[in-house]
Amino acid sequence: MGLTRNLLVSTVTVLLTVTLAVNACPPSDRAALLAFRAALNEPYLGIFNTWSGSDCCTNWYGVSCDPETKRVADIILRGESEDPIIENAGRSGYMTGSISPSLCQLDRLTTLVVADWKDISGEIPSCLSSLPNLRILDLIGNKISGQIPADIGQLSKLTVLNLADNQISGLIPSSIVNLNSLMHLELSNNKISGEIPSEIGKLSMMSRALLSRNQLTGPIPSSIANIYRLADLDLSMNQITGSIPAQIGSMPVLSTLNLDNNLLSGEIPTGLLANSGLNILNLSHNSLEGNLPDVFGSKTYFTAIDLSYNNLRGSIPKSLSSAKYIGHLDLSHNHLCGPIPTGSPFDHLEASSFANNDCLCGMPLRTC
């Protein structure tokens, strides 16, 4: 009887062990995660204390696996989030160290988010470009340096590339135009130089392109206008030259366009101010010239138009008074002249909106 019971217990133990092994992540994935962890130091929250035991698919903070294959699919580590660990600590996350190339062994990885840890440095492992299933790469808010991997364009499934608020330098790789699935591109607040790839218009799925606060030079590629889904385009605070491509004014869903603080010249395309879908337009702090197009009408609806600090001449178009809505308008620091039109939106604007022009007059400035 005792022998039978012992045999039964042994059999159950073996079955449980086999079952747990089958349901656990493979040792190679676990080893890759532990090597990734070893390259980082998170001193305050203790999130990596959960990374213990043989099964990295269960209760490892920020790690999730494919339920069928048990391969690691997602790593989501955000230093600023509403997660209880961070909320209960009463402080945002902080981490030092670097991102280990060991992650490249996780060839089923679809999401890699290591965001807002403030002090993670080092370079983006170039081998990340070889992860065939990667859809989201989000490393915002660290101190990552070096260049964007040259072969980034191999990530055919990538939908989000967010490298903002780091110290990344070098050029935007020409291969980036091959990211056929890319919807969100954010590279703002880095040290990226050189020109925007001329064939960026091939990114036909993209809805947001945020490249502000870098050291970009050269012209705005006219091919950008081919991205018919693009709603937000921010190229502000760079050193971009040339004129604004007229084709941008015809983009069907463009809602926000920020080109301020560049070296742009030439005239403002008529289509930009006539585009009834455009909601926020900032062209300030450039060298734009010519007259303001007289193209406003009953469908014109702007939350904000900022054309200050340019070389615009002539008078303020009277058609502005027929606009459906204009919330904020700044025409200061130009060479405009003549009477300010009456009625809306001019009846709620302050004198600062018209200051430092050649000879504007009328409310809210001096009488004509």
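The values are calculated or read from the model by the stated rules, or taken from the named source; none is laboratory data. Since the structure is predicted, the reported quantities are computational estimates derived from the model, not experimental observations. Note: ideal-geometry Cβ built from the backbone for every residue, glycine included; neighbour counts use all protein chains shown.
Check off (1) polar (S, T, N, Q); (2) in contact (Cβ under 8 Å) with a residue 40 or more places away in the chain; (3) in contact with a helix residue (DSSP H, G or I) (Cβ under 8 Å, 6 or more places away or on another chain); (4) within 30 Å of Ser204 (Cα to Cα) for Asn162 and give me the number that stays unchecked.
(3)
Name the single residue that is surrounded by the most Cβ atoms within 10 Å (Cβ to Cβ) among those in region 90-109 being free of Cβ contacts under 8 Å to residues at least 40 places away in the same chain and assigned to a loop (DSSP other than H, G, I, E, B).
Residue satisfying both the conditions and the ranking: Leu109.
Select from region 158-172 the residues that are in contact with a strand residue (DSSP E or B) (Cβ under 8 Å, 6 or more places away or on another chain) and either hydrophobic (A, V, I, L, M, F, W, C) or assigned to a loop (DSSP other than H, G, I, E, B) (or both) and list them in ascending order.
Leu158, Thr159, Val160, Leu161, Leu163, Ala164, Asn166, Gln167, Ile168, Leu171, Ile172
So, Ile152, is that one within 17 Å of the chain's Cα centre (by Cα) and in contact (Cβ under 8 Å) with a residue 40 or more places away in the chain or not?
Details: within 17 Å of the chain's Cα centre (by Cα): yes; in contact (Cβ under 8 Å) with a residue 40 or more places away in the chain: no.
The answer is no for Ile152.
Can you pull out every residue in region 183-206 that is buried (at least 17 other Cβ atoms within 10 Å of the Cβ) and on the phi > 0 side of the Ramachandran plot?
Correct list: Asn189 only.
Restricting to region 56-85, and then to whatever is of a type in the set (D, E, K, R), surrounded by fewer than 16 Cβ atoms within 10 Å (Cβ to Cβ) and farther than 15 Å from Asp116 by Cβ, can you tell me which residue is farthest from the chain's Cα centre (by Cα)?
Glu68
Give Ser188, Ser193 a once-over and let me know the one that is in contact (Cβ under 8 Å) with a residue 24 or more places away in the chain and either closer than 20 Å to Asp107 by Cα or assigned to a strand (DSSP E or B) (or both). Reasoning before the result, please.
Numbers: Ser188 fails: either closer than 20 Å to Asp107 by Cα or assigned to a strand (DSSP E or B) (or both).
Just one listed residue meets the conditions, Ser193.
Taking region 316-345, which residues are of a type in the set (S, T, N, Q) and either closer than 19 Å to Pro269 by Cβ or assigned to a strand (DSSP E or B) (or both)?
Narrowing region 316-345 to residues of a type in the set (S, T, N, Q): 319, 321-322, 332, 334, 342, 344.
Matches in region 316-345: Ser319, Asn334.
Which of (1) within 19 Å of Ser98 (Cα to Cα); (2) surrounded by 13 or more Cβ atoms within 10 Å (Cβ to Cβ); (3) at pLDDT below 95 is the odd one out, the single condition Leu34 does not satisfy?
Checking Leu34 against (1) within 19 Å of Ser98 (Cα to Cα); (2) surrounded by 13 or more Cβ atoms within 10 Å (Cβ to Cβ); (3) at pLDDT below 95, the one that fails is (3).
Return the residues of region 173-182 that are surrounded by 17 or more Cβ atoms within 10 Å (Cβ to Cβ) and either under 15 Å from the mean Cα position of the chain (by Cα) or assigned to a loop (DSSP other than H, G, I, E, B) (or both); say none if nothing qualifies.
Going residue by residue through region 173-182, those that are surrounded by 17 or more Cβ atoms within 10 Å (Cβ to Cβ) are 173, 175-179, 182.
Selection gives Pro173, Ile176, Leu179, Leu182.
Pairs, please: C-beta under 6 Å, at least 6 apart or cross-chain, first residue within 16 Å of His328 (Cα to Cα) and of a type in the set (S, T, N, Q) and in region 351-368, second at pLDDT 90 or above and surrounded by 16 or more Cβ atoms within 10 Å (Cβ to Cβ)?
Ser353/Leu329; Ser353/Asp330
Return the pairs, sorted by first residue and then second, in which the second residue is modelled with pLDDT under 95 and polar (S, T, N, Q), the first residue lies in region 297-324 and is crowded, with 17+ Cβ neighbours inside 10 Å, the beta carbons are less than 6 Å apart, and the residues are 6+ apart or on different chains.
Ala323/Thr300
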